[in-house]
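A.B. asks: My questions all concern the structure below.
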Amino acid sequence: MESRILYEGSSIFRNQPSYREFNKSFENANDTLFAFLNEVDSETLKEEQQAPSQVFTSYNCSFARKDPRTLEVVGLSVYDHTTEQLSYGFPNTQERYSVLSRAQQAACVRVLLAWQQKSSVSEDDFLVWRATNNKRCNEQQLVQKHIYNYAKVQQERLYAPMKPLVLLYSKWFRLRMEHLLQALPSVSYITHSGLPQLPQCKGLNVETASMEDIELLYRAGQVRLWPEVSLKQQELSSLRVRLERYVCTDVAAEHVAQSTRIAAELENQLYEADEDVFVLPLDAMLMLLTSGTYIDLPSEMLLKIRDIPDSDHKSIEFQQPFPAHNCGWHTNSRVLTEAYAAYAPTQWLQLNPDATAKLIDAVPIVETDAKMQQLVYKVHHIDENVQAVKQLKSNCALISWRLRTEVDQGLQIYSTLSMAAVRDTSAKQPLGCHLIKLENKPDCGCEIMTKYELLSAWLQLKLLQADVGHCSRISLRDFAPLLEEQLTLAALEEQLHEYYHISMPQQLCQMHEFLKLLRGMSAGEYLLRYTTKYKDKFLLCRPTLEPTPQSFKLQDLLAGTSPSNVNFLTQSNSYLPISPKLCSRLHEELQLLPCAFPAKAQGVSRPNKKVKVDKEPVLVQRTRTRQNAKPKNRKRKRSSTRQRKRAAIQAQKEEDKDLDKIMCL
């Protein structure tokens, strides 16, 4: 050890370290307190080991610390894991408070929670809800504008957790495209004709259509047995670790086998058909209904028109659309939903067409007296070249239905979709759908669903003839579960009409008119494409043998794409308002009403009325002035006052326009 320099002067300070030794800088690497606080062994900070010591240089500076896993700035350096409460708080930097008291907000929150949980509402709470109706409605607009400005300023921070999902989707996109392009011939396509999008397809005689004669023909694969729909924090934490493994897997052989069986069953149905038949998968239907609405949706789809043997009728078969070229809300939700369906620890039912459903334990589960489920782990040998586990749990269903209007018999349509979950061991009561929605602003509340999500849920409930569906809302920031929302047909139709002014009978009528346009096309293989250059049209492209200056190769179009979220962040409609009807864990813990400012602790503070006091008269010396002379200062004051009033009115008009845009989303 090095000899310590001691002070040899006064007896009071004898045998004490010198001032130079005692007043050593805290940032010195040899300081024991510095090493202890940063959990650094002093041996690693010796001069002989300069390279390892560079790792800890970020701790002795005044800059913000970064997470070494994501290289992002850490929002909170201390987390309390002893409670299950969220670490969120309503962003209120301007310290604006609600016109409602804390007791009134708590009563309104209890009313919303009772409506969400389908339970009885207290009469006293409902009286408070009715009495504060006007105040709540006026404050909702102010809060929506406040959150819109907050999201616009803090956009980079809000969507920073999306970066890992963007990288994962890029890997999944590349592997998926490699698999799809292997089955596609290397041919060039040229634009054959332009078809109008569905909003431009309006019938002359009819305005509405309906889905009738819905029948489930075939089911294959494995379906989750899910008596109670709820996502656990432990499942989401493990899912976040498994996302990297999921996106790097190839397409499962079981899924390919299911598609083959579905295609064979579909061929049997087409052979017996005595009319024109349309094969329209769920994803293809959604692309027709929502193409061009959001940037992170598919924009290409293969289409095949062929003649039915021994008949004058045709079959128009839509294939699954190609994955989206841009990342955003829908791509993130798709990766999470498919990964959760592949790795969720639960029980599965094997659907065999010739036998009853068999119960399969995907993961051994041990039930205790306290109804706690604990996974049983097995010890495996570590291998350096471990192969990724493929997605083994998938299913597919074939459904026939008729799109009928008031004047004709309708169109015969066959649709394929995956089943989300079932509620009994015989697979007779399916859950209509299960959506995983990421909340981008978890500290503000629950966002409204996009048009794509609402239409997807409505079509799945309708095709599977299910009573209810489900939506699990989780935080984009830390994958914390926020709300388990139940979906019904009536509620979905109400949201479509309220948020997007969409009527489903009119949407189905427009799709009916669009499908009738394809009857006149000649048999062959086509590519249905959407581009932002032609916002109101679909481009129907046909393969050509000889390349021309106007032709393009599908392989070059798909393989040369690297998905990113740049276009999504710069898009004008990349903002979702907060729903005033959904109470998440944030509102329940803080007793905060959705779309309301926080209430003051001591209630609403009212300004005290000032007592009017008469001032003592002041003696003023009067002077003679000309009768025709006008005060110049007063004229200047009037003109400046008018300018200020005009500027205030113009600013108010601009604010009203921004608010109308937000409320019309």
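A.B. asks: Shape call for the range 128-169 from the C-alpha gyration tensor, a ≥ b ≥ c root eigenvalues: rounded (a/c under 1.5), prolate (a/b greater than b/c) or oblate?
C.D. replies: It comes out prolate by the Cα gyration axes.
A.B. asks: Moving to a separate point now. Leaving out ligands, DNA and RNA but keeping every protein chain, what accessible area does I190 have, in Å² rounded to the nearest 10, with a 1.4 Å probe?
C.D. replies: Accessible area of I190: about 60 Å².
A.B. asks: Given the convex hull of the Cα atoms of the range 113-222, what is a quarter of its surface area in nm²?
C.D. replies: Values: hull surface 71.5 nm².
So the mean shadow area of the Cα hull is 17.9 nm².
A.B. asks: Would you tally the net charge around G194, using a Cβ to Cβ cut-off of less than 15 Å, leaving G194 out, and scoring K and R as +1, D and E as -1? The partial results should precede the final answer.
C.D. replies: Numbers: positive: R529, K533, K535, K537, R542; negative: D536.
For residues surrounding G194, the net value is +4.
A.B. asks: How big is the Rg/Rh ratio for the range 280-342, C-alpha atoms only, Rh by Kirkwood, two decimals?
C.D. replies: My calculation puts Rg/Rh at 1.12.
A.B. asks: Calculate the FRET efficiency for S120 and Q347 from the Cβ-Cβ distance with a Förster distance of 56 Å, rounded to the nearest 0.05.
C.D. replies: According to the calculation, E is roughly 0.95.
A.B. asks: Over the C-alpha atoms of the range 491-586, what are the Rg and the largest Cα-to-Cα span, Dmax, in Å?
C.D. replies: Calculated on Cα positions, Rg and Dmax stand at 19.8, 61 Å.
A.B. asks: Further question on the same structure: At 0.36 nm per residue, and after removing the present C-alpha to C-alpha distance, how many nm does the segment from E494 to L175 gain when stretched out fully?
C.D. replies: Gain on stretching E494 to L175: 110.9 nm.
A.B. asks: Return the carbon/sulfur percentage of the accessible area of the range 408-556, one whole number, probe 1.4 Å, all protein chains in place.
C.D. replies: Ligands and nucleic acids excluded, carbon and sulfur reach 47 percent.
A.B. asks: Please report the antiparallel percentage of the DSSP beta bridges confined to the range 409-518, to the nearest 5.
C.D. replies: The antiparallel fraction comes to roughly 55 percent.
A.B. asks: At 7 Å along the Cα-to-beta-carbon direction for both V153 and V407, put a label point, then send me their distance in nm to one decimal.
C.D. replies: In this crude label model, V153 to V407 measures out at 5.6 nm.
A.B. asks: Can you tally the net charge around Q507? Count Lys and Arg as +1, Asp and Glu as -1, for every other residue whose Cβ sits under 14 Å from the Cβ of Q507.
C.D. replies: Neighbour charge sum, excluding Q507 itself: 0.
A.B. asks: Classify the range 172-242 as rounded, prolate or oblate, taking a ≥ b ≥ c as the square roots of the eigenvalues of its Cα gyration tensor: rounded when a/c is under 1.5, otherwise prolate if a/b is larger than b/c and oblate if not.
C.D. replies: Details: a/c = 2.27, a/b = 1.30, b/c = 1.76.
In terms of gyration-tensor shape, oblate.
A.B. asks: Which pairs, out of K152/K393; K393/K553; K152/K553; K152/K451; K135/K232; K118/K451, put more than 32 Å between their alpha-carbon atoms? Display every interim value, and only then the final one.
C.D. replies: Numbers: K152/K393 40 Å; K393/K553 35 Å; K152/K553 39 Å; K152/K451 21 Å; K135/K232 37 Å; K118/K451 25 Å.
Violating the 32 Å limit, Cα to Cα: K152/K393; K393/K553; K152/K553; K135/K232.
The values are calculated or read from the model by the stated rules, or taken from the named source; none is laboratory data. Everything numeric in this text was worked out from a predicted model, so none of it was measured. With ideal geometry, Cβ positions are generated from the backbone for all residues, glycine too; neighbour counts draw on all protein chains shown. The protein model used for the area step is the full one, side chains on, heavy atoms only, and it has no ligands, DNA or RNA in it. Shrake-Rupley method; radii C 1.70, N 1.55, O 1.52, S 1.80 Å.
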